[in-house]
Amino acid sequence: MSNKYTEDDLREELKTKEYEYGFYTDIASDTFPIGLNEDIVRAISLKKEEPEWMTEWRLEAFRAWEKMIEPEWANVHYAKPDFQAISYYSAPNSKPKYDSLDEVDPELLATFAKLGISIDEQKKLSNVAMDVVVDSVSVATTFKKTLGEKGIIFCSISEALREHPELVRKYIGTVVPQKDNFYAALNSAVFSDGSFCYIPKGVRCPMELSTYFRINQAGTGQFERTLVIADEGSYVSYLEGCTAPSRDENQLHAAVVELIAMDDAEIKYSTVQNWYPGNAEGKGGVFNFVTKRGLCEKNAKISWTQVETGSAVTWKYPSCVLKGDNSVGEFYSIAVTNNYQQADTGTKMIHLGKNTKSTIISKGISAGKSQNSYRGLVKISPNADNARNFSQCDSLLMGNECGAHTFPYIEVKNKTAKIEHEATTSKIGEDQIFYCNQRGIDTEKAIALIVNGFSKEVLNKLPMEFAVEAQKLLEISLEGSVG
Amino acid sequence: MLKIENLHASVEDKAILRGINLEVKAGEVHAIMGPNGSGKSTLASVIAGKEEYEVTEGSIFLNDEDIDELAAEERAHKGIFLSFQYPIEIPGVSVTNFIKTAINANRKAKGLDDMPAKDMLKLIREKSELLEIDRKFLSRSLNEGFSGGEKKRNEIFQMAMLEPKLAILDETDSGLDIDALRIVANGVNKLKSKDNAVIVITHYQRLLDYIVPDFVHVLYNGRIVKSGGKELAHELEEKGYDWIKEEVNA
């Protein structure tokens, strides 16, 4: 026996160590014990069979996170989660909870029906055991084949770490560094899964990514990590989320999304977020603390479009770093809050390159006792000659107990910059409602109509199919908001 | 069709209608005239079911049914249409989308499915031609940035689309130039039949040259103080309202 310490020895030792720390059996099980420490981070990485550099990367994030303080500057108020009371890993694809739809909350099923979701999808979404649907399987297969022919990689981030570690290693954390902020650091340390997408040079992705996977997207975990890379001259439209209500038991969601648009590339990223907002009295609901950021190289373009209707507390600022000359960043947002929901959302447009352009259209709709804030930063750096920004922030209020707030920050360090900011606040008027009523449209429908009209500029930016669903979603989110 | 009995109504505890009696039969056109502040628009709003107005006494019957308890949209479903004096803006909602929503809401109330898109398009084309409405107009945001004439023409377009039993035109002539007035009046005349009725609320005789009333009523201080045939409108045009006021106050 040589004295050389081999990899096998290391593996053996790690195993033993895990066992010593009491995690060995837990790794075999589906859910980790609650709490967070370096061993948990290591265990997640091990469970996912990640390369060593990834484990180290996670640990680095964890160590940074330990020293960080949860931010308090947002215009939201909530009891801070106890991070040691959360289990940081749950195996996906756990057993179905129910045997048939009859066991599922009828209210949830009613909402599904309103959204026009098929029975099979309903089963999947509400975690009911189901047979394989031949159609959707074949669609998914054709889908993968088409993408494969073009050299497009679209898979889970875990799969990407196994199959394309060099790509992940090169780009992960380059736009949202591990230490970027409290939640991003947490995500970097413990992310369970997410999506990875790579579009090769000059390829135009022939379909909206993830529409066909809507069903599969529904069950994604609480610490999601997404990495989208559009190589030079490529184009991709990516859809995230699900219009169906998600009754997730996890209270805390801290996702990170990184987009990289290389020279002449374009990424369109659309989100519909409909996590559980809590009940009408403000009990329960998801905390949605998300970091989304895209990097634009020369002549590149990134568009963020979001429809945010869910979650009890939202903290989210999809941003663009306009590094390359002539690059373009866009942010189109609809944020709806009802009952006791709180949203602090907006964007950051960081102009670094020359002739960079950004557009911000934000539509906030507040009802009930909710608080809805737009927070945006437009930053023009000294080298960004001829940078342009147009921002428009409109707020629509329903009733007298909700709030709408706008916090625009503008930092300009170059005299050639041209920045425009427009903001309006309006209230749905009784006259508008009566006008609709007089034409036979009831109040509920009238509000939906007015809200859809108000949000139109943003809804128009969504892919067609998504837009129809998003419209219905707005209606449902505001149901019962007027007495 | 419409029968109003001893109708009293107030807004914010201020009495505006003080005992209106009026009967409108199918196939008839009634004009309601009167000086400013006499309660003309209030009467229109009360018939349409605007919530801010409280009926303190009396009743409104539509085809022998007391509609006092019905919500505005339910009255609309029963065939009451109000052409607004000041049509309301709804930004981002196109003329087409709005009327489509209205038509389907009325169909739903009658237990019918949505109108097929093909039929809807045909109907829109037909009615917009009747009112000489440009197609581009149909895609604009409802009443947003419309001229006075466009707003009123759009009201009558909606009326043409919805084919109400009872149409109340509240100061439809205000803000219209003579050409627009002719187009709007033509539209109303073409829609008139023996099965429906029209109430024209106006300040001036002008519109009544085009939409000829069977009866003219003068509203003053919340009451109908004088009724007559179309010649009454001419008399008012000539003599103004002062002699009516004097008669009432005498």
Matching residues in the range A:444-483 - criterion: being under 22 Å from B:N154 (Cβ atoms) and either open to solvent by 40 Å² or more (accessible area, probe 1.4 Å) or of a type in the set (D, E, K, R) (or both): A:K445, A:K456
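In the range A:165-187, what residues are over 15 Å from the mean Cα position of the chain (by Cα) and open to solvent by less than 50 Å² (accessible area, probe 1.4 Å)?
A:P165, A:L167, A:V168, A:Y171, A:I172, A:G173, A:V175, A:Q178, A:N181, A:F182, A:A185, A:L186 - these are the residues of the range A:165-187 that are over 15 Å from the mean Cα position of the chain (by Cα) and open to solvent by less than 50 Å² (accessible area, probe 1.4 Å).
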Top-ranked residue in the range B:64-78 [being among the hydrophobic types (A, V, I, L, M, F, W, C) and within 8 Å of another protein chain (Cβ to nearest Cβ); ranked as farthest from the chain's Cα centre (by Cα)]: B:A71
Taking the range B:131-147 and the residues there that are under 17 Å from A:Y435 (Cα atoms) and in contact with a helix residue (DSSP H, G or I) (Cβ under 9 Å, 6 or more places away or on another chain), the one that is farthest from the other protein chains (Cβ to nearest Cβ) would be B:F146
On the given criteria, is A:N372 closer than 16 Å to A:V321 by Cα and either of a type outside the set (V, I, T) or touching a residue at least 60 places away in the same chain (Cβ under 8 Å) (or both)? no
Taking into account only those residues within the range B:105-130 that are within 14 Å of chain A (Cβ to nearest Cβ) and among the basic types (K, R), which is least open to solvent (accessible area, probe 1.4 Å)? B:R107
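Within 14 Å of another protein chain (Cβ to nearest Cβ) and over 30 Å from B:I80 (Cβ atoms): does that describe A:D394? Write out each step before concluding.
Details: within 14 Å of another protein chain (Cβ to nearest Cβ): yes; over 30 Å from B:I80 (Cβ atoms): yes.
Judged against the criteria, A:D394 is a match.
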Taking the range B:25-58 as the search range and keeping residues that are acidic (D, E) and part of a loop (DSSP other than H, G, I, E, B), which one is nearest to the chain's Cα centre (by Cα)? B:E28
Might you let me know whether the range B:160-171 holds any residue that is open to solvent by less than 40 Å² (accessible area, probe 1.4 Å) and more than 14 Å from chain A (Cβ to nearest Cβ)? yes
The conditions are (1) open to solvent by 10 Å² or more (accessible area, probe 1.4 Å); (2) of a type in the set (S, T, Y); (3) at pLDDT 95 or above, and A:S426 fails exactly one of them. Which is it? (3)
All but one of (1) within 30 Å of A:E430 (Cβ to Cβ); (2) open to solvent by 30 Å² or more (accessible area, probe 1.4 Å) hold for A:I365, so report the exception by its number. (2)
Anything in the range A:398-423 that is crowded, with 19+ Cβ neighbours inside 10 Å and under 29 Å from the mean Cα position of the chain (by Cα)? List them, or say none. A:M398, A:C402, A:A404, A:T406
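Can you tell me which of B:F81, B:F61 is within 18 Å of B:I199 (Cα to Cα), part of a strand (DSSP E or B) and within 14 Å of chain A (Cβ to nearest Cβ)? Full working, then the answer.
Values: B:F61 fails: within 14 Å of chain A (Cβ to nearest Cβ).
B:F81 is the lone residue from the list that is within 18 Å of B:I199 (Cα to Cα), part of a strand (DSSP E or B) and within 14 Å of chain A (Cβ to nearest Cβ).
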When you go through (1) buried (at least 17 other Cβ atoms within 10 Å of the Cβ); (2) in contact (Cβ under 8 Å) with a residue 40 or more places away in the chain one by one for B:S45, which number turns out not to apply? (2)
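Give me the strands (runs of 3 or more DSSP E) completely within the range A:359-469, filtered to those with at least 1 residues that are under 30 Å from B:Y53 (Cβ atoms), ordered by residue number.
Working: elements: A:371-380, A:388-397, A:403-412, A:418-427.
So the answer is A:388-397, A:418-427.
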Note on the range A:146-204: residues in contact (Cβ under 8 Å) with a residue 60 or more places away in the chain, in a strand (DSSP E or B) and within 19 Å of A:E49 (Cβ to Cβ) are A:D193
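Restrict the check to the range A:42-63 and report whether at least one residue is over 29 Å from A:P165 (Cβ atoms) and either at pLDDT below 60 or in a loop (DSSP other than H, G, I, E, B) (or both). Explain how you work it out, then say what you get.
Step one: filter the range A:42-63 for residues over 29 Å from A:P165 (Cβ atoms), giving none.
Within the range A:42-63 (the criterion being over 29 Å from A:P165 (Cβ atoms) and either at pLDDT below 60 or in a loop (DSSP other than H, G, I, E, B) (or both)), the answer is no, since none of the residues qualifies.
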Looking only at the range A:409-444, filter to residues that are more than 14 Å from chain B (Cβ to nearest Cβ) and of a type in the set (S, T, Y); which one of those is farthest from A:M349 (Cα to Cα)? A:T416
Would you point out which residue out of B:A9, B:A102 is away from every other protein chain (no Cβ under 14 Å) and in contact (Cβ under 8 Å) with a residue 12 or more places away in the chain? B:A9
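The values are calculated or read from the model by the stated rules, or taken from the named source; none is laboratory data. It should be emphasised that the depicted structure is a prediction, and the values quoted were computed from it without experimental measurement. Note that we place each Cβ from the backbone using ideal geometry, even for glycine, and neighbour counts take in every protein chain shown. Accessible surface areas use protein heavy atoms only, side chains included; no ligands, DNA or RNA. Shrake-Rupley method; radii C 1.70, N 1.55, O 1.52, S 1.80 Å.
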